[in-house]
Amino acid sequence: MASYDVVVVGAGSVGTPAALALAEAGLRVLVLDARPSAGQGSNKAAIGGVRATHSDPAKIRLGRRSIEIVSTWKETRGGEIEWRSGGYVFVAYTPREEKLLKDLLLVQHRYGLGIDWLEARDLLRIVPDLNPDGLLGGTYSPGDGHLSPLLLVHAYYREARRAGAEFHFREKVTGIEVRNGRVRAVVTDQGRYGTAVVVNAAGAWAREIGRMVGEDHPVVPDSHEAGVTEPVAHFLDPMIVDIRPAPGSSNYYFHQLASGQLTFCISPSPPIVGEDCRETSAFLPMVARRMVELMPRLANVRVRRTWRGLYPMTPDGSPLVGWSSEVEGYAVAIGMCGQGVMLGPAVGELLGRLVTDQLLPEDHEVLTLLSPSRPFAAQEALK
Amino acid sequence: MRLDRHPILPVGRGEPFPFAFAGRELLAYPGETIAAALFAHGIRVFGHHPKDGAPQGIFCANGQCAQCLVLADGLPVKACMTPACPGMRVEPVDGLPELPRVPAPPRMQELERLEVPVLVIGGGPAGLSAAIELGGRGINTLLVDDKGRLGGKLVLQTHRFFGSTEAVYAGTRGIDIAARLEEEVRALPSVEVWLNTVALAVYSDGWVGILREGRSYVLARPEVLLVASGARERSLVFRGNTLPGVYGAGAFQTLVNRDLVRAAERLFIVGGGNVGLIAGYHAIQAGIEVVGLAEVLPECGGYKVHRDKLARLGVPIFTSHTILSANGRDGVESVTIARVDDRFQPVPGTEKTFKCDTVLVAVGLDPVDEFYRKAREFGMKAFAAGDAQEIAEASAAIFSGKIAGRRIAHALGIPGVVVPPEWEKTLQILKSRPGARREPPAELPAQGVVPVLHCHEEIPCNPCASVCPQGLLEVDPQDIRKVPEFHADRDQACLGCERCVVVCPGLAITLVDYRRDPDYPTVTLPHELGPEAVPVGARVAVVSASGEVLGEAEVREVRAIPRNNRTVLVKLVLPKEIAPRAAGIRLGAKWAEEPIPQAVERLEDDAIVCRCERVTAGEIRALIRAGFRDMNALKAVTRVGMGACGGKTCGPLLKRLFREEGVPLDEVTDYVGRPLFIEVPLGIFAGAEPGDG
């Protein structure tokens, strides 16, 4: 039986950075994924926004670190991930959003985040194509940005392999052997691998893996729909987020990729719970109406493709990261709530330190906040 | 240049009007696409790719790719699908287009939603035939087609059709079949036709997204969906494969036979299936020189009678040859081919280069069946017909549409609808590929009038047998693939009525009339290049069925048939020794040219796999060698398949590269197909009123 120091389940936005960190720490790492290549779960459905401007301190820390990693990726690791530091703009057209966003600023400023409220006139200087009619203003965080999730996951995949991690695709985990409360091996439809550590990075499918060690992770996927347009000459720097609720949707957001294409995503309301990723007729008319109203210039950009992807949601909107309190050697990095791409780089490093027992002092706060066995009370204000 | 006349197609144009391309004023005629108007002025480069500056132009001429993108009055449109308008300002797309500013949100309407018993996607032979069955039973049917005219690819087919006269109008030209089917459909009140309307997506909730006339988005929910969306052309990986001037054969037929533009001066064809052979013939009809045809197999795969038509006109056919490169800077200037060994690898030292301005790629078709597959995946009641179901001749498409129409009527619970059991057999016969070749009869009578059948290959075809008033020509009625036979031993004699000569789609029947002079009989040959092409008294080369020169003769008589004024009968007097073998004439022009001395280095890895994103074969091969097996991963890393066409062109090419690299296809994961079928402005999904914003 082949054996490894760590088996990572899932070669996606979280699993590949974890594999890199673990392999670079000198561990023998095996990554298993039932899909045919890296990032074929939810990574490929993501549109690639990366921000530190959350309201939850753990996510703020992780987001910040992720931005450090991705913004220097080209210099440190080489290879194009199409990072663009265009910032995030949350727009406010009603006093409700204005208050929500300004309240959040208090927390965000406490953590020293580079985000400010801009009055309508100033915001229109950053995004001249916003519909000025009724615009009150919005927040702008120039340090945030976006990248290509596909290129990012493949960059991690390439680096992880270079560091010695092994990847098995089209191999489905069917069981995890636990003896005397400790992980012993992982069983798949093709073999059995001895290991003392399993990292569950299975995204929307994490619950199924948890059950193999007798745990029931409160991770439930719901689906969001996204699309991409033809490329046009560059005209938009930041990610635009509109959190006004409307019939059928709670919010939507879009940005212009390095390639010139616009990519956009909408959060259905009420949420569409489940793993169904098949395209529906509702999405395009709903998102198109909202986008064209917000930015009339988008009326003429041609939509190229649409798809649906899963947000693995937790009760409070924050991920579950850390060791299991029940099974020794079983760690989770799951429930990214649609933010696997932006949190993954930092979470990967954190897992590396967790497994090799080299946690930094500030890691403890993050791990406490994201503890898989925490009680779930409050919902994060801005998912 | 526009065609001024055509031996088969009517050429009529309205009043020209001015439009502008890159600031230069040009003339277009009503109904002409932007692409046709540009081609008419010799403009084949419509822009340059933002990635590497490669010249862009027509590729599919079918609205499926986006190679022909131009800016029309500031908005990106497909030049092959968009009519030129008076005063329109067309600009090439060089780099990324600027998105026009819009001052205020447009007025937005609620989207139209409609429920229909039957939705037919595609108004070609299959879709029309199905609609006739449905409409004939009063079933409400919505038929959508992305072109401005019904008939699908039938409207490009100037030749007479093969198949069965009873089942599918054999012996009639494709363009005329289209007109007949259209007339029948238009007479049915329960069939509604939306032209210039593109099906965009089949959704899991059973709705079908439709772009109506390029202006509004409509959602339709059919009880039954019929996908009759035809085929798309396969592409090929070779150096220079994206140069303007390299087209699919269908694209070329569209430019020539629909748009009536002389899209080339000198043409080289890659692929000896029916599509390539017919395209060559159509080119000659349009006055275009065909420099040659290369077929990688030892024999052409198309009907021998099609091959022979080209050979008789002097087109050199290079079997066991493949294309190495299309050469040129901003367009095709020459083509280089080479002989292949028995493993289809080019043999060094056998390269030949020919001067030409156009290369047609006719290496097969793939079904446009994504809507059908999606509909089935989503549990909808769905049928496919024609090429969308299985690639075959248009005659088979007509018949399969008819069967599908009946099946749909049955599925809707209409009482008394049956599909006669023998129809299935007929369909299988119509779909047949060419079968065995029979030996010609050893001896033919040499008295009276003798119809000579230069048709010795088993193909599904029977018009000759159905027109002979004396019943002397027979094709096995149980299996029309059998070769026709002339029964000289019957009591009746051949009247020399010439009907068989006129009707034969293969131009493979001649009459030898010994009555006037048994030693110098009169031979009647069919000809389709127009009466003015063959003047009486002209000296012509007489050729055998397969193109071998038998001698020279003078044209004695040229006769247009009143009911069939587009086939011309040419009469020659020939010595009795060669008269029965004479099957055609070759006019003065000698098309077979010597190759030009120009060796081209083979750099296959430079060849483009993904035209939209300009991804090379070399990039893909390197990744396959590095272990990539998922086409979606190749897409993530290289952008292959991410472009406007949605992987329609590069998908089959990627699979080919996998095979060439020794990777079995069961190890390979195909692209995940996603909507939309073509790109559509966001405002249209928002219900923006046309012209507003």
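For this structure, a couple of remarks:
- Of all residues making up segment A:274-291, the number that are without any contact (Cβ under 8 Å) to a residue 24 or more places away in the chain and open to solvent by 10 Å² or more (accessible area, probe 1.4 Å): 2
- Considering residues of segment B:619-651 that are under 30 Å from the mean Cα position of the chain (by Cα) and hydrophobic (A, V, I, L, M, F, W, C) only, the residue nearest to the other protein chains (Cβ to nearest Cβ): B:Ala644
- Taking segment B:109-144 as the range and being open to solvent by 40 Å² or more (accessible area, probe 1.4 Å) and within 20 Å of A:Ala288 (Cα to Cα) as the test, the residues that pass are B:Gln109, B:Glu110, B:Glu112, B:Arg113.
- Residue in segment B:609-629 that is acidic (Asp, Glu), modelled with pLDDT of 90 or more and open to solvent by 10 Å² or more (accessible area, probe 1.4 Å) present: yes
- Residue in segment B:111-122 that is closer than 30 Å to A:Gln256 by Cβ, touching a strand residue (DSSP E or B) at 6+ places or on another chain (Cβ under 9 Å) and within 14 Å of chain A (Cβ to nearest Cβ) present: yes
- Every condition in (1) on the phi < 0 side of the Ramachandran plot; (2) buried (at least 21 other Cβ atoms within 10 Å of the Cβ) holds for A:Glu177 except the one numbered (2).
- Positions within segment A:275-291 being within 8 Å of chain B (Cβ to nearest Cβ), in a loop (DSSP other than H, G, I, E, B) and either closer than 14 Å to A:Phe254 by Cα or of a type outside the set (A, V, I, L, M, F, W, C) (or both), in sequence order: A:Asp276, A:Arg278, A:Glu279, A:Thr280, A:Ser281
- For B:Ala187, the test of being buried (at least 18 other Cβ atoms within 10 Å of the Cβ) and not assigned by TED's automatic domain parsing to the domain that holds B:Leu277 is failed.
- Count of segment A:292-308 residues which are open to solvent by 10 Å² or more (accessible area, probe 1.4 Å) and in a strand (DSSP E or B): 5
- When B:Met81 is tested against (1) without any contact (Cβ under 8 Å) to a residue 40 or more places away in the chain; (2) more than 11 Å from chain A (Cβ to nearest Cβ), exactly one condition is not met: (1).
- A:Asp316 meets each of the listed conditions (1) assigned to a loop (DSSP other than H, G, I, E, B); (2) at pLDDT 95 or above apart from (2).
- Failed item in (1) of a type outside the set (A, V, I, L, M); (2) touching a strand residue (DSSP E or B) at 6+ places or on another chain (Cβ under 8 Å); (3) free of Cβ contacts under 8 Å to residues at least 12 places away in the same chain, with B:Asp476 passing the rest: (2)
- Here B:Gly683 clears all of (1) more than 12 Å from chain A (Cβ to nearest Cβ); (2) in contact (Cβ under 8 Å) with a residue 60 or more places away in the chain; (3) over 31 Å from the mean Cα position of the chain (by Cα) except the condition numbered (1).
- Taking segment B:656-693 as the range and being open to solvent by less than 60 Å² (accessible area, probe 1.4 Å) and among the charged types (D, E, K, R) as the test, the residues that pass are B:Glu661, B:Glu679, B:Glu689, B:Asp692.
- Restricting attention to segment B:1-42 and to residues that are acidic (Asp, Glu) and under 16 Å from B:Gly87 (Cβ atoms), the residue that is least open to solvent (accessible area, probe 1.4 Å) turns out to be B:Glu32.
- Filtered residues of segment B:495-509 (kept if open to solvent by less than 30 Å² (accessible area, probe 1.4 Å) and more than 28 Å from the chain's Cα centre (by Cα)): B:Gly496, B:Glu498
- For segment B:215-236, the count of residues that are more than 19 Å from the chain's Cα centre (by Cα), away from every other protein chain (no Cβ under 14 Å), open to solvent by 10 Å² or more (accessible area, probe 1.4 Å) and of a type outside the set (A, V, I, L, M, F, W, C) is at least one.
- Residue in segment A:28-50 that is among the hydroxyl-bearing types (Ser, Thr, Tyr), more than 14 Å from every other protein chain (Cβ to nearest Cβ) and within 17 Å of the chain's Cα centre (by Cα) present: no
- Matching entry among A:Gly114, A:Gly134 (being outside any helix (DSSP H, G or I), open to solvent by 40 Å² or more (accessible area, probe 1.4 Å), more than 23 Å from A:Val292 (Cβ to Cβ) and out of contact with any Asp or Glu (no Cβ under 8 Å at 6 or more places or on another chain)): A:Gly114
- Subset of segment B:202-214 that is touching a Lys or Arg at 6+ places or on another chain (Cβ under 8 Å) and in a strand (DSSP E or B) - its residue that is surrounded by the most Cβ atoms within 10 Å (Cβ to Cβ): B:Val202
- Residue identified as open to solvent by 20 Å² or more (accessible area, probe 1.4 Å), among the basic types (Lys, Arg) and touching a Leu at 6+ places or on another chain (Cβ under 7 Å) among B:Arg515, B:Arg539, B:Arg481, B:Arg490: B:Arg490
- Filter result (part of a helix (DSSP H, G or I), under 19 Å from B:Gly74 (Cα atoms) and in contact (Cβ under 8 Å) with a residue 60 or more places away in the chain) within segment B:17-39: B:Ala35
- B:Thr638 modelled with pLDDT of 95 or more and open to solvent by 10 Å² or more (accessible area, probe 1.4 Å): yes
- Segment B:518-531, subset surrounded by fewer than 19 Cβ atoms within 10 Å (Cβ to Cβ) and at pLDDT 90 or above, residue nearest to B:Ile175 (Cα to Cα): B:Tyr520
- B:Ile337 touching a Pro at 6+ places or on another chain (Cβ under 9 Å), assigned to a helix (DSSP H, G or I) and open to solvent by less than 40 Å² (accessible area, probe 1.4 Å): no
- Restricting A:Glu97, A:Glu171 to those that are acidic (Asp, Glu), crowded, with 17+ Cβ neighbours inside 10 Å and not in a loop (DSSP other than H, G, I, E, B) reduces the list to A:Glu97.
The values are calculated or read from the model by the stated rules, or taken from the named source; none is laboratory data. Note that the coordinates shown come from a computational prediction; the quantities given were computed from them, not determined experimentally. With ideal geometry, Cβ positions are generated from the backbone for all residues, glycine too; neighbour counts draw on all protein chains shown. These accessible areas exclude ligands, DNA and RNA; they are computed on the full protein's heavy atoms, side chains included. Shrake-Rupley method; radii C 1.70, N 1.55, O 1.52, S 1.80 Å.
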